[in-house]
Amino acid sequence: MKLVGTPFRRVDGRAKVTGQTRFADDLTPPRTCFVRLVRSTLPHARIRAIDLEPARRMPGVLAVLTGDDLPIPFGILPVSEDEHALARGKVRYVGEPVVAVAALTEEQADEATRAVRVDYEPLATIASAEEAIATPEPRIHDYGAGGNVHKRVSLEFGDLEAGFAEADVILEDDCFFDGNTHLPIEQHAALAVPEDEGRVTLYSSTQTPHYVHRALAKVLQLPPARIRVVACPNGGGFGGKSDVFGHEIVVARLALELGRPVKITLTREEVFYCHRGRHPVRMHLKTGFRKDGSITAQHLKTLLDGGAYGSYGVASTFYTGALQTVTYNLPRYRFDGLRAFTNKPPCGPKRGHGTPQPRFAFEVHLDKAAHALGLDPAALRLRHLAPAEAVTANWLKLGTVGLGRCIEAVVEGSGWRRRYGKLPYGRGLGLACGAYLCGAGLPIYWNHMPQSGVQILLDRGGGVAVYCGQTEIGQGSDSVLAAIVAEVLGIGLEDVRLCVADTGLTPVDLGSYSSRVTLMAGNAALQAAERARAILAEAAGERLGRDPQSLVFAGGRVFDAAEPEHGLTFAQAVIEAETRNGTLATTGSYVPPRAPGRYKGAGVGPSPTYSYSAAVLEVEVDPATGLYEVLHVWIAHDVGRSINPTLVLGQVEGSVYMGLGEAMMEEQAFRRLPRRLSPALVHKMPSVLEYKSPTFRDMPEITTYLIEDPDPRGPLGAKEVGQGPLLPIPPALANAIFDAVGARIDQVPIHPHMILRALAAQAKGEEPRCGPRAFPAVDFGPTLRVPTPEEGGDGRALGEDRGGTMSRPASGRPAVRHG
Amino acid sequence: MLRLPPFDFRAPRRLAEAAAILAGEGDGARVVAGGTDLWPNMKRRHQHATTVVSLMGIPELAAVDDGGGELRLGATATLAQVAASDAVRRRYPALACAVRSISSPPLRNMGTLGGNLCLDTRCTYYNQTEPWRRAIDFCMKEAGTVCWVAPSSPRCWAHAASDAAPMLCALGARVLLRAHDGERVVPLEELYRDDGIDYLNKRREEILCAVLLPAEAAVEHCAGSFWKLRRRGAIDFAVVSAAAAAWFDAGGAVERLRLVLGAVASRPLRVVAAEELLAGRRLDEEAVAEAARLARKAATPMDNTDFQAQWRGLMVERYAAAALRQAAGLEPGIRPPHHPL
């Protein structure tokens, strides 16, 4: 391969570094007017009345909307369509949009929002998942799994008790992973432009234009064909722009009403309220180990603080359990999960979606197991790796598994065998691993259509236009798409023109989430390009008098492999083909393979294949202060094959950065005032200064190893890299701190006072640990028992009808099965 | 983005003119220099002004004059200029260190020394937008009645946030204040009040014009040190800082010493008990430890900034000790923070 695998410059790089890229907020067509939102100042309250008249009389005001103007609910998952563009009847968190004001200028809209008066009747508030399960009334929503529980899950794969009976050692751990947010540099912006014939185009910083398209059609009650959604290049997404947001619907509605472009750009504070970030999760993990470190059974319990709305939360709940099985042999497994509603901004998918929390629990737990069993943590893991191509206890089909090579690479690079456990007091090494999806196996709404499509048009001048719904969010997906097409057709990147993320012009791609784009859009592009090459080869072969099979496409030419000078330019080949066939266009599409699980809930977790990562982190801890510094991170990632190693490295380093932020300092924290004085429950610090995220000065040296073992399911062998490398970082930090000072911090972020608390306990002869003590009493609902492949199961639960997830439940709503 | 409310902007070229505007405009007038504090505060609507008077067009306010004796630093000299100034680096290196630790390079390029000394007190219940503050029904410092940091408290607990102030107080700096009706020179220390709301002993129409550093505080006579704790070395405000300035007698005992804490009270906090304890003593480990304990006792870190308040209390002890040790030429005893010292 000429291009794929080389560190070529990203196709949007020059535009980005010279300021030419047009993000949503850069678009301001003539006659644009501006929207600002009035947001709830109460965490939970009935809306008694809204007085809009003073705002309507303010200078420049063109229109004012409330929830009653947009009465149809929506939500990213069909099972939890619980949101309105503007709150109706009730508000559920501070920061929830209540009123939209459009004016000639942003300043006028801003001033007018200050004139809106909302009369609220406060309701009791719920601040945590523990509080939610203990407080069924008042309910935040009138749907869900009863009280303030959104979702309960209980799945048992295999005979757990038999597994624990086989164990030599049983370990139990309680831990907590706090919530945090995505913090993309670009604040969400959306511009809606009315078109002829009652049509509207929405330009938005969204990762999921297709889902926004569907929601707009539903809420605005318009035929989808009249709506076009263009996802502008995102200035970072990380999952925070994967939901449909009320402000997108508001500007589309106002553009249609006012007949002029309508724009909104959120403030940084508003982005904190959009949230959809990492769920705070309490976890309890119980695992049986044999003396050799092999696992006999594992029981994981998770309790998720979901915030005020559903978002992706049902999927997030399943994801806190689904991927525990894909790294090491785990023959019997039980997962209990519960997501609660609370009066805080909704949680949702953030890089790693639901998996970094249980991965933290598991990898710290393994470190403790290694100590308890007198084994080296790296050796323990290497000895019990999940085998490639296996079907796990919870019926996930694995692809290639590069985890062993990842561990070997970081163990070698960090001098682990020589240095682990032997560094001077205060300095330590920690090892942890992780795994992630390469695209969710199922779409979020039930259909059998492709999850990604690509169309290629060939120009007789030799240019190639590639159309695909995929969305560039900074991860480099445009470059991947262009490189795959250029590689197959043997042309340069400069000959490829992209048209992406436009529901009016491009074939559907479900969006930039679940690390699906390289694999899914990449495979669709590969198919479309190979079809184009076949047409060109046929025509060129005829013209050259050669067997099409013998032709090579490279260097902008089509030529005989045996006689390279005998050939055509690429443009001549197009002319030959167009002369014979008429206008040239091909398509490609991708549908993931069907996963073997058939039980209810089997839809979350399957992926065409999985990526793997391992990291060793070196830390220096000051026992006088508890302050610590991460000195070095060695990380290896099994990417299958790099389409562009520079971009892969960027994703790995970005994941390390984000993982360190979560592990060291980031917290979506809230303040509740004394309840006798105030009903307030507010985000503690919705600003980039006070929400602490590392800067580049806080970044350690990173040594990255790319493990390349091409997976036939990926395009040219490629797997994901955008999310997986985050996973090992938080547990590697906790494990390194243990190696440095002997303190176990079973929660993240790890603040210095926690280390001092554990050291103080150590000095008193107590367990040197900081973390939650006991898991609350939780009713996870009836347990679905699913025999494992090893037990001769067929993928179904005991007592479940043969329809499995393919059936529609009596409610008429499809069962959950998406990512 | 957050938008500024409308106001009149004045940019006089002469100090007398600025003083006259301030005298004439009444309570709605405010002074701005670099704007790194005032503009965000006005955007969040917790500081208000109908007229803003910029000092940046007045050349005499920006000058740094080093006659070899007292060093005069103009109030609108930027923090970057102060940190890079030859005289400051050579004669008052601890001040250069403190100023270099303020925020980030872009903000040091805009922010001024005078602005840093007059920095509004900070609190996580206060440095928020107007809708956020409405959600807590505001607070005592602005538009409300309760101090949410300590709801039964009759006073506001917003904390002092300047890094230059504790160091300059330790070095015994004085400031020149000028109004339409005259001028005065006061010890910087006396500029501050231990009140989160009325934190400056300064009439509204007085302009802070210059900082005067005594020759006796220069490095050949005085050992200065500054230690600052914050989450991120690239930008954050201090959550604890400790500035020390020590004069030793010929025998190596402390003749005189000032220890001033930042971010743990509504004003730069002199730890007089520690100063008295150390006078006449050698700065050995035992003396340092005793003094650091007194520093911790004097401080009142509250839950209104980053990090856990109780832990910050312990850090007062650790950072005060580090500052004293450094002044005595001992190892600091804690791992140095990320920023250059």
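Readers should treat all values here as calculations from the given coordinates under stated rules, not as data from a laboratory. Small disclaimer: the values here were computed from a predicted structure and weren't measured. Positions of Cβ are backbone-derived with ideal geometry, glycine not excepted, and every protein chain shown enters the neighbour counts.
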Item to check | Exercise: per-residue mean of other protein chain Cβ atoms within 10 Å, B:318-329 | outcome: 1
Checklist entry - Peptide B:306-313: average number of partner chain Cβ atoms within 10 Å per residue? => result 4
Checklist outcome for this item: Beyond 32 Å (Cα-Cα) in this structure, taken from A:Lys344/A:Lys600; A:Lys764/B:Lys297; A:Lys263/A:Lys600; A:Lys218/A:Lys263; A:Lys344/A:Lys368, we find A:Lys263/A:Lys600; A:Lys344/A:Lys368
Checklist entry - If you place +1 on the Cβ of every Lys and Arg, -1 on the Cβ of every Asp and Glu, and leave all else neutral, what size is the dipole of segment A:449-590 about its Cα centre, to the nearest 20 Debye? => result 220 debye
Checklist entry - Ranked highest first by the average count of other Cβ atoms within 10 Å around their residues, in what order do A:242-253, B:2-13, A:289-300 fall? => result A:242-253, A:289-300, B:2-13
Next on the checklist: Please report the antiparallel percentage of the DSSP beta bridges confined to chain A, to the nearest 5.
Outcome noted: 75 percent
Checklist entry - In percent, what relative contact order does segment A:37-166 have, based on Cα pairs under 8 Å that are 6 or more apart in sequence? => result 31 percent
Checklist entry - With the radius of gyration and the Kirkwood radius both derived from the Cα set of chain B, what is their ratio Rg to Rh? => result 0.96
Checklist outcome for this item: Taking every residue of B:132-139, the Cβ atoms of other protein chains inside 10 Å of its Cβ average out to 6
Next on the checklist: Give me the dipole magnitude in Debye, nearest 20, for chain B about the Cα centre, with unit charges on the beta carbon: positive for Lys and Arg, negative for Asp and Glu.
Outcome noted: 900 debye
Checklist entry - So how long is each side of segment A:449-590 along the principal axes, counting just the alpha-carbon atoms, biggest first, in Å? => result 46, 26, 24
Item to check | Contact order normalised by residue count of segment A:449-590, Cα under 8 Å, 6+ apart, percent | outcome: 34 percent
Next on the checklist: Going through the cross-link list A:Lys422/A:Lys719; A:Lys241/A:Lys692; A:Lys350/A:Lys397; A:Lys90/A:Lys301; B:Lys202/B:Lys228; A:Lys692/A:Lys719, which pairs have a Cα-Cα distance over 30 Å in this structure?
Outcome noted: A:Lys422/A:Lys719; A:Lys90/A:Lys301; A:Lys692/A:Lys719
Checklist entry - Cβ under 12 Å from B:Gly26's Cβ, B:Gly26 left aside: what net charge do those residues give with Lys, Arg +1 and Asp, Glu -1? => result -1
Checklist outcome for this item: A:Arg675 and B:Glu331 label points (each 7 Å along its Cα→Cβ direction) are spaced in nm at 5.1 nm
Checklist entry - Just going by the charge dipole of segment A:262-397, with Lys and Arg at +1 and Asp and Glu at -1 on Cβ, which of A:Cys347, A:Val326, A:Ala378 is farthest out on the positive end? => result A:Cys347
Checklist outcome for this item: per DSSP, antiparallel bridges as share of beta bridges in chain B, % nearest 5, sits at 85 percent
Next on the checklist: Among A:Gly237, A:Tyr436, A:Val153, which residue has its Cα furthest toward the positive end of the charge dipole of chain A, with +1 on Lys/Arg Cβ and -1 on Asp/Glu Cβ?
Outcome noted: A:Val153
Checklist entry - One-quarter of the Cα convex hull surface for segment B:224-327, in nm²? => result 6.1 nm²
Next on the checklist: For A:Thr21, what residues show an amide H to amide H distance below 5 Å, using hydrogens built from the backbone and excluding near sequence neighbours?
Outcome noted: A:Lys16
Item to check | Sorted peptide list for B:208-218, A:748-758, criterion being average Cβ within 10 angstrom, highest first | outcome: A:748-758, B:208-218
Checklist entry - Mind checking which aspartates and glutamates have their C-alpha under 17 Å from B:Lys43, skipping anything on the same chain fewer than 8 residues away? => result A:Glu106, A:Glu107, A:Asp110, A:Glu111, A:Glu269, A:Glu270, A:Glu690, B:Asp8, B:Asp120, B:Glu130, B:Glu142
Next on the checklist: Skipping prolines and chain starts, which residues have an amide H placed within reach, meaning under 5 Å, of the one on A:Leu70, given they are 5 or more residues away or on another chain?
Outcome noted: none
Next on the checklist: Counting other beta carbons within 10 Å of each residue's own, what order do A:Glu563, A:Glu270, A:Glu257 fall into, fewest first?
Outcome noted: A:Glu563, A:Glu257, A:Glu270
Checklist entry - In which sequence would B:Val64, B:Val219 go, from the one with the fewest C-beta neighbours within 10 Å to the one with the most? => result B:Val219, B:Val64
Next on the checklist: Let's see if you can work this out: charge +1 on each Lys and Arg Cβ, -1 on each Asp and Glu Cβ, no other charges. What is the dipole magnitude of segment B:1-109 about its Cα centre, in debye to the nearest 20?
Outcome noted: 460 debye
Checklist entry - Packing-wise, with mean Cβ within 10 Å as the measure, how do A:121-130, B:220-229 rank, highest first? => result B:220-229, A:121-130
Checklist entry - Among B:Met42, B:Leu176, B:Leu277, which residue has its Cα positioned farthest towards the positive end of the charge dipole of the protein assembly as shown, with +1 placed on the Cβ of Lys and Arg, -1 on the Cβ of Asp and Glu, and the dipole taken about the Cα centre? => result B:Met42
Checklist outcome for this item: Rounded to the nearest 10, the angle in degrees between the Cα long axis of helix B:285-298 and the longest principal axis of the Cα atoms of chain B comes to 30 degrees
Checklist outcome for this item: Rounded to the nearest 5, the percent of antiparallel DSSP beta bridges in segment A:171-240 equals 55 percent
Checklist entry - List the trypsin sites (Lys or Arg not before Pro) in segment A:584-691 that DSSP assigns to loop (not H, G, I, E or B) and whose Cβ has at most 12 other Cβ atoms within 10 Å. Which are they? => result A:Arg594, A:Arg675, A:Arg676
